[in-house]
Amino acid sequence: MVDKYNPRLQEQLEDQPLDTQGFERPRDLIDATDEDLAPLLALTQRPVVTANQFTRDQLLQLSRLAARYETQPQMIARPLTGKILISAFYEPSTRTRLSFESAWHRLGGDIMSITDPASTGIAKGESLFDIGEMLNHYGDLVVLRDSNERAVYEMLESLRIPIINAGNGIDEHPTQALADIYALLKWRPLLCLPEVAQEQRIRMGIIGVPKRMRTVHSLLTLLSLFANAISDVVIITDEDDPLSEDQISMIEKKGLCTRVTSDLDDELPALDVVYINTIAWVGDDYEELGSHYRLDLSSPLKPGAIILHPLARGDELPRELDDTPHNWYFAQARGAVFMRMALLSSIMKTFT
Ligand code: CP
């Protein structure tokens, strides 16, 4: 019988193409790493404001814990029962807000959600410093998205409970980058190894502008911790100076081999991973950067290459790619729930 809401349901049930899209791989990631909870203890009750604060060991252990949550849901014993998340999103969000709230719910906690700053004292001119002081008494952890780069730092001044930066203007989106790393490590667990042979290192393309796109900025920072496993990162943009001075010096210091080019199709045949994003939040609205770059079925993608995208997508990533093995962007978005569970339970020190 054809399901009227999903005519492909029967075909999907029969195909079960899960192993090509990142759903089956968490077990391989668990096998590739040894458990060591010490790096996670350093996150206890700490704020998360920038990707720069994470160590490679923390990324490996967060990914390992996320993989355990993904593969062993029975291990989740609702450790956050009685704890309250304050979910403050002063800018639109589908994935970040809902996956944080899903993660907190799955760990047993309760949530207070603010999606409109005009419904708070901000409408009366109240400072984020004063709002932060109040939040200390109302909840146990704050997740904040704000188009103002300084907002998370202003609230941090008065907060005594942890805060997580869920995107601050064009600056950073550290937990999106954690989700990106989790997808990468599930796809290629050998990236976890301390030594990766030259021929096994991956070549990654990033279509975006690191100095003006928060997802790309934070991802590049975390990728620099895997310089031993990445042969090079190719930044594909038609901007002349897509990297800030700080980013250039960070890349040089960590030894991440990076170059910039404007020709996407010239690079695609040699890329193992293609990360694409065209949206940058600027002020109260978004700006499209490099929107003429586009992937589709005729793109000369390397066989076995995967596509990552933080989403929301536009014309740069048409739906015709969804049913191909290149689609790892849905697995990336799905895995964000488990990575955020790992992060939240580390900050709240409830992991076992
Ligand atoms: N990736 C991401 O930040 O998506 P949202 O804007 O929907 O949260």
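The values are calculated or read from the model by the stated rules, or taken from the named source; none is laboratory data. For clarity, every value in this text was computed on a predicted model and none was experimentally measured. When we count neighbours, we look across all protein chains shown, and the Cβ atoms used for this are built from the backbone with ideal geometry, even at glycine. Accessible surface is based on the protein model in full, side chains and every heavy atom, while ligands, DNA and RNA are left aside. Shrake-Rupley method; radii C 1.70, N 1.55, O 1.52, S 1.80 Å.
List of remarks:
- Accessible surface of Arg27, taken over heavy atoms with a 1.4 Å probe and every protein chain present, rounds to 130 Å².
- Leu191 - accessible surface, heavy atoms, 1.4 Å probe, Å² rounded to 10: 10 Å²
- Over the residues of the chain, the helix contribution to mean residue ellipticity at 222 nm works out to -10000 deg cm²/dmol, using -39500 (n - 2.57) for each DSSP H run of at least 4.
- Cβ-placed point charges (K, R +1; D, E -1), dipole of the chain about Cα centre in debye, nearest 20: 1280 debye
- For the set Lys302, Lys124, solvent exposure ranked by accessible area (probe 1.4 Å, protein chains only) runs largest to smallest as Lys124, Lys302.
- Accessible surface of Thr352, taken over heavy atoms with a 1.4 Å probe and every protein chain present, rounds to 110 Å².
- Cα long-axis angle, helix 214-223 against the chain (0 to 90 degrees, to the nearest 10): 70 degrees
- Heavy atoms of the protein chains alone define the surface here; on that basis the chain has 44 Å² accessible area per residue at 1.4 Å probe size.
- Against the chain, whose longest principal axis is taken from its Cα atoms, helix 329-347 shows a tilt of about 40°.
- By accessible area, using a 1.4 Å probe on protein heavy atoms only, the chain has 49% of its surface on carbon and sulfur.
- Value of relative contact order over the range 207-352, rounded to a whole percent, pairs C-alpha under 8 Å and six or more apart: 20 percent
- Cα-based helix-to-principal-axis angle, 56-71 vs the chain, degrees rounded to 10: 90 degrees
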